[in-house]
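Trainee: For reference, the structure I am asking about is given below.
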Amino acid sequence: MSIQSLGVGIVGYGFIGKVHAWAHRSLPFFYSPLPAETRLVGVCTTRPETAEAARREAGFEFATTNPNELLARPDINLIHCCTPNDSHGDLLLAALQAGKHVYCDKPLTHTLTEARRVADAARGVSTIHRMTFHYRFAPATLRAKELIESGFLGELYQFRAGYLHAGYIDPNRPRTWRTVMGKSGGGAIMDLGVHVFDLTRFLVGEFDAVNAQLVTRIPSRPDVVTGQPAPVDVDDIAIVQARTKSGAIGIVEASRLATGVQDELRIELHGSKGMIAWNLMDPNYLDVYDARDPEQALGGNRGVKRIECVSRYPKPWSFKTPKNTLGWNQLHAHSLYDFVRAVAENDTESGPTFADGFAAQAFVHACQESAAGGGIWTKIVSGDVE
Ligand SMILES: NC(=O)c1ccc[n+]([C@@H]2O[C@H](COP(=O)([O-])OP(=O)(O)OC[C@H]3O[C@@H](n4cnc5c(N)ncnc54)[C@H](O)[C@@H]3O)[C@@H](O)[C@H]2O)c1
């Protein structure tokens, strides 16, 4: 039987568009058999020279500065949204309208209103829509999910999660779209908060309310074009208390000023029967503690155990050695693989879908409302049809 061939159009080829193109090129090396074959057909950026450079680098068939050229092509089945946050909404709506399968790098959009428009539109389509919440696809988080579903944690009491970067500690790092509210929709809370919120929600279930402090420590940066000092109106640091619908309470942190760290995504879950913890900087292991292990004089064997998750994905993952350690790019490749699999199998049920993207956006929105009100407990709105 011949394998389905899916044409790919990537809109935006900056930092993350390149990672998505790399992931497509990598799929045949990592998965056998492939659920479908993918071909890089078109790439779109804002300037002809960057679009052409992207075409040459990744091997697309053509380059353009007009996203509609990708949407109009019948040989493009998958559209990737890899542009700054304020341009997501229109692109996603147009791509859904054009009948494409859509893969959106986070966040869904830059505002809750836009996010609702997109999530509502996605609810009515028969194509597949997915978010790039790739931390769901680390073997350690997939194993954590299995353990939680099997009752390992018992009743969840509390959690601690954070996503910390240090990329903005230099006050001379220029002000770009990421530090302008109208373009990004938020600073650390939008950039990093959506990831850690989605990962926590994936593992522990729905959230109910938040109580947030959003802080801007470097209120001005040189404008990327003029070099002149320009105001920064987004947060550098977000400290959030969060409550789940099941009654657990915890802290979610996001920061771009966490000096001394690189890509520190941590999650720690404490339940009545056990503990689960994972850190992206030590991605090969999932730490677990089973409170059912008997206590003995001198402790016996009771304590934290490290499960060696490495790159152990289920078939059709095809690197068979457990010596194959994990890297960040691999999470992107597996997230993309699962999108392609969902398209090939017409799997509209599994996620992360745009409904999950909306949930993350609603979390950010509630944090911003809470912080603006001086840190009051604020309900997270639901994505259900009103
Ligand atoms: N999941 C992750 O690991 C991750 C990491 C980084 C960025 N992101 C997300 O990816 C998106 C892009 O971030 P980035 O860091 O790659 O940004 P970037 O600034 O490096 O690149 C943006 C790209 O989009 C193009 N572009 C801008 N406006 C456009 C428009 N209206 N139409 C077509 N192309 C346009 C630019 O030419 C450029 O190629 C953001 O939403 C960001 O939050 C996700």
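The values are calculated or read from the model by the stated rules, or taken from the named source; none is laboratory data. Everything numeric in this text was worked out from a predicted model, so none of it was measured. Cβ coordinates were reconstructed from backbone atoms using ideal geometry, including for glycine residues, and neighbour counts include every protein chain displayed.
Trainee: When you scan the range 166-188, do you find a residue that is surrounded by 15 or more Cβ atoms within 10 Å (Cβ to Cβ), touching a Leu at 6+ places or on another chain (Cβ under 7 Å), within 24 Å of Val261 (Cα to Cα) and among the aromatic types (Phe, Trp, Tyr), even just one?
Mentor: Scanning the range 166-188, I find at least one residue that is surrounded by 15 or more Cβ atoms within 10 Å (Cβ to Cβ), touching a Leu at 6+ places or on another chain (Cβ under 7 Å), within 24 Å of Val261 (Cα to Cα) and among the aromatic types (Phe, Trp, Tyr), so the answer is yes.
Trainee: Starting from the range 297-315, keep only residues that are in contact (Cβ under 8 Å) with a residue 40 or more places away in the chain, then list their pairs with residues that are of a type in the set (Val, Ile, Thr) whose Cβ atoms are within a distance under 6 Å, requiring at least 6 positions of separation or different chains.
Mentor: Within 6 Å, the pairs are Val310/Thr325.
Trainee: Then there's this: Only one residue in Arg56, Arg73, Arg39 is at pLDDT 95 or above and assigned to a helix (DSSP H, G or I). Which one?
Mentor: On the way: Arg73 fails: assigned to a helix (DSSP H, G or I); Arg39 fails: assigned to a helix (DSSP H, G or I).
Of Arg56, Arg73, Arg39, the one residue that is at pLDDT 95 or above and assigned to a helix (DSSP H, G or I) is Arg56.
Trainee: Let me ask you something else. Output the number of residues of the range 5-28 satisfying the condition of being away from the ligand (no atom under 11 Å from the Cβ) and either within 21 Å of Arg178 (Cα to Cα) or modelled with pLDDT under 95 (or both).
Mentor: So the count comes out to 0.
Trainee: Answer yes if at least one residue in the range 137-160 is within 16 Å of the ligand (Cβ to nearest atom) and more than 14 Å from Phe202 (Cβ to Cβ), and no otherwise.
Mentor: No: the range 137-160 contains no residue that is within 16 Å of the ligand (Cβ to nearest atom) and more than 14 Å from Phe202 (Cβ to Cβ).
Trainee: Is it the case that some residue within the range 89-98 is polar (S, T, N, Q), more than 16 Å from the ligand (Cβ to nearest atom), surrounded by 20 or more Cβ atoms within 10 Å (Cβ to Cβ) and closer than 25 Å to Arg341 by Cβ?
Mentor: Filtering the range 89-98 down to residues polar (S, T, N, Q) leaves 97.
Those still in the list that are more than 16 Å from the ligand (Cβ to nearest atom) too: 97.
Filter once more, keeping what is surrounded by 20 or more Cβ atoms within 10 Å (Cβ to Cβ): none.
Within the range 89-98, none of the residues are polar (S, T, N, Q), more than 16 Å from the ligand (Cβ to nearest atom), surrounded by 20 or more Cβ atoms within 10 Å (Cβ to Cβ) and closer than 25 Å to Arg341 by Cβ.
Trainee: Could you list, in sequence order, the residues of the range 31-61 that are without any contact (Cβ under 8 Å) to a residue 24 or more places away in the chain and either more than 15 Å from the ligand (Cβ to nearest atom) or buried (at least 16 other Cβ atoms within 10 Å of the Cβ) (or both)?
Mentor: Glu52, Arg55, Glu61
Trainee: Is it true that some residue in the range 272-295 is at pLDDT below 95, farther than 26 Å from Gly383 by Cα and either surrounded by fewer than 17 Cβ atoms within 10 Å (Cβ to Cβ) or out of contact with any helix residue (DSSP H, G or I) (no Cβ under 7 Å at 6 or more places or on another chain) (or both)? Can you show your working first?
Mentor: Of the residues in the range 272-295, the ones at pLDDT below 95 are 294-295.
Checking the rest, the ones that are also farther than 26 Å from Gly383 by Cα come to 294-295.
Then keep just the ones that are either surrounded by fewer than 17 Cβ atoms within 10 Å (Cβ to Cβ) or out of contact with any helix residue (DSSP H, G or I) (no Cβ under 7 Å at 6 or more places or on another chain) (or both); that gives 294-295.
Looking for residues that are at pLDDT below 95, farther than 26 Å from Gly383 by Cα and either surrounded by fewer than 17 Cβ atoms within 10 Å (Cβ to Cβ) or out of contact with any helix residue (DSSP H, G or I) (no Cβ under 7 Å at 6 or more places or on another chain) (or both), one finds at least one in the range 272-295, hence yes.
Trainee: Further, regarding this structure: Kindly establish whether Leu108 is out of contact with any helix residue (DSSP H, G or I) (no Cβ under 6 Å at 6 or more places or on another chain), farther than 14 Å from Gly17 by Cα, among the aliphatic types (A, V, I, L, M) and at pLDDT 95 or above. First the steps, then the outcome.
Mentor: On the way: out of contact with any helix residue (DSSP H, G or I) (no Cβ under 6 Å at 6 or more places or on another chain): no; farther than 14 Å from Gly17 by Cα: yes; among the aliphatic types (A, V, I, L, M): yes; at pLDDT 95 or above: yes.
So Leu108 does not fit the description; no.
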